[in-house]
Amino acid sequence: MKKTKLLPYLLLLPSMIYLLLFFAYPMLESFQLAFRREGQFLNLRVEPQDEAAVVGTLALQTDVTVLERQRLEETLPNGRTRPFYWFRVEGLDTAGTTIEGWASQANLFIESRTESTTARVVGGESAREWTLDYVNRMLNDYRFGSALGTTILLVVLILPLQFILAIIMALVLQAQIRGSSLFLYIFAIPLGISDLASGIIWYSIFTQRGFLNSFLVGTGVLESPYIFIRVGNESWMIAAIVLAEVWRATSIVMVIVVSGLQALPRDYIEAGQVFGANLWQRLRYIILPLLKPSLQVALILRTILALQVFAVVVAIAGRDVLSVLAYETYRWYDPQRFNSPNMAAVYAGFIMLLSLGVSLFYLRAVRSEEEAAKLL
Amino acid sequence: MTEATVRSEVGSPAPMTQAVQAARRRAKMRHTLRRASVYAVAIAIALWILVPIWLIFTMAFSTPQDVRSFPKPFYPSPFSTDTIEFFLNTEGVLRSTLNSFIVAIIALLLSTAIAMPAGYAIARFVFRGRDTIRLGILSVRAFPVVVLAVPLAVVFIRLGMFDQTYSLALMHTALTLPTTILVIASVFMGLPYEFEEAAQVFGCTRLQAFWRVVLPLAVPGIAAAAVLTFVLSWNEVFAAILLTITNRTLPAQILYNLDKSGDPYKFAGGFFMLVPSLIFIFFIRRYLFSMWGQLNK
């Protein structure tokens, strides 16, 4: 019987290893990227030797006073020798305490090796240190505020539209009209459409020589095309992005809502009908409350995805025109631009925190309401 | 039904039969009206989804001149494959399409192979930590791609795995694995355990019972999960553009060239990316709800 006890764990093992490798490990790496910096520090030694014990470390550019010097000989590859100095120096370390120890001339800037009494630390060994520099840099970046603002604005605009449309779609499918399987396929089509393709499609509609202008000019509403997408016309760009996202990503909410609806006890809804509740009342007082768990799942999923909105924005607004958090991540990472994985990791971590916060908020909000209902 | 209509029916002095007939007529009328309005809404939503697809189809199959023209045609006239041919012959497109296929196929195979035993374990066994594991898998399902892509790129560079199709496939596998495990678990949960028991009674080992009885029944559902993985990998662009430079996948290639290319390239590319997904969704549409229905629990 021991075999059957171990079996499920063995079956799960490959997945667990894979997920740890590709989720847990990158998270650790990301943390390192965001909060640790490769720095150089000068190790002060007890004796004028490279291998001697370390007394303390000095940061680069620290001014030090030279207390003592020792002249050694260094043998060059061609067999000749030349003088090589070690200095006993005194300076303030990063914690602000005065330390003294030996450092070689290779790591110090000193005007005269034989006479100067002061020097400056210019070299050392590389070491990693904790830093909040990247975080501060992100927070102070001139694009950060607008990236965060635009991302949140998009979430706030997209989600309600999506949920209203998805619930309508689900109710239409539940009405069991003839041809509903065809409608089901059509409503499900956007599930397979990528954000980039959706962005390109809506760009073809909203661009200056696009379909919307063709229609408006063709029907005589406008005399000449209106330039929807241009710098300084953010509201139309946002509108196009919202439409593209609602168009593409509502289906997934619809699928979740429909499977939620199918699991609902039919008696409840029928009872509502019998007692004369109209559609709105049934929706408000019976269907939506029962659907809450499904809606919660969809809400968390969609919010997290909307916080990462990227390709749609690039396809519609172009690069660098409208900034969102995911685009900033890419911009900082891009080897041809800023080439800073550290900054990219900070932005990514920020998106992660937002996603986590939002999920917890939703879970909390729903639970507390239920608890409140129990108390009443 | 509103209070007013109820009162008027009850309180009306007219003969009973007439009132009943009127009410019945009204009910029928209301029924037809409701049906009609449901149809109207259904058709409106269908158009909302289909019209943009039609428009990009129009662009892909018009001449490049028509694509650049204004006002634009609302249907391909004349029908022409010049634009899509121009797109396919643009440098990098065929290569990146091939890359996309390779990445998606590796991700599909790997993710299904790893997820199948796990899904089976979750569906069939009761063991300590089962709920924790399920919850863990559920929570990484919604893990942001953006968060994983940056550190993985750095790790891949360090390991010499950067800019390879297989490393992107590994990443896509990670992204789809949680969903695939849960979907496959739901497929196995849908098959009665009695089948396996019966097979075992008739002398099969547990493995044989799985191989000969359970697996053939589970194949359609597992295939649907695999198709979902394919579509997800085919569509994924953020990790793709971060993890590859010379071995770009199709979406990464198109995104990268977006600023440098004209409308014919963009629109043909947009349509071209759409096609496989349309086909695949058609094949798995039956499974969508059962998959998600199980996932929500």
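No lab work stands behind these numbers, since they all come straight from the coordinates. These figures come from a predicted structure and were not determined experimentally. Quick reminder, even Gly has a Cβ in these numbers, built from the backbone with ideal geometry, and neighbours come from all protein chains shown.
Observations
- Cα gyration tensor shape for chain B, rounded if a/c is under 1.5, else prolate or oblate: oblate
- Ranking A:342, A:218, A:30 by Cα position along the charge dipole of the protein assembly as shown, where only Lys, Arg, Asp and Glu carry charges on their C-beta atoms, puts A:218 farthest toward the positive end.
- Farthest positive-ward along the protein assembly as shown dipole, Cα basis, beta-carbon charges - from A:305, B:147, B:168: A:305
- For the stretch A:40-129, the fraction of alpha-carbon pairs lying more than 19 Å apart is 35 percent, rounded to a whole number.
- Per-pair calculated FRET efficiency, R0 = 22 Å: residue A:274 and residue A:164 via Cβ, rounded to 0.05: 0.25
- Per-residue ellipticity at 222 nm from helix content only, as computed over chain B with -39500 (n - 2.57) for each DSSP H run of at least four residues, stands at -25500 deg cm²/dmol.
- Helix-derived mean residue ellipticity, 222 nm - over chain A, DSSP H n ≥ 4, -39500 (n - 2.57), to 500: -18500 deg cm²/dmol
- Kirkwood-type radius of the stretch A:246-355, with distances r between different C-alpha atoms, in Å: 16.9
- Under 23 Å, Cα to Cα: Lys pairs in the protein assembly as shown, sequence gap 8 or more or different chains: 5
- For chain B, a simple Cβ point-charge model (Lys and Arg +1, Asp and Glu -1, everything else neutral) yields a dipole of about 1140 debye relative to the Cα centre.
- The value for chain A of Rg(Cα) / (2.2 N^0.38 Å) is 1.52.
- Pairs of alpha carbons in the stretch B:137-250 separated by more than 16 Å make up 66% of all such pairs.
- Counting every other Cβ atom within 10 Å of each residue's Cβ, A:16, B:59 order from fewest to most as A:16, B:59.
- Percent of Cα-Cα distances greater than 39 Å, calculated over the protein assembly as shown: 47
- Centre-to-centre separation between the Cα atoms of the stretch A:191-244 and those of the stretch A:300-328: 17 Å.
- About its Cα centre, the protein assembly as shown has a charge dipole of approximately 2900 debye under the convention of +1 per Lys or Arg Cβ and -1 per Asp or Glu Cβ, with nothing else charged.
- Cα long-axis angle, helix A:341-375 against chain A (0 to 90 degrees, to the nearest 10): 50
- Shielding of B:43-52 by partner chains, average beta-carbon count, 10 Å: 6
- Per-residue Cβ neighbour rank within 10 angstrom, fewest leading, A:98, A:57: A:98, A:57
- Student exercise, chain A dipole from Lys, Arg, Asp, Glu Cβ charges, in Debye to nearest 20: 1520
- Between A:312, A:258, A:55, the GNM of chain A built on Cα springs shorter than 10 angstrom shows A:55 fluctuating the most.
- Taking the fewest neighbouring Cβ atoms within 10 Å as the starting point, the ordered list for A:347, B:287 is B:287, A:347.
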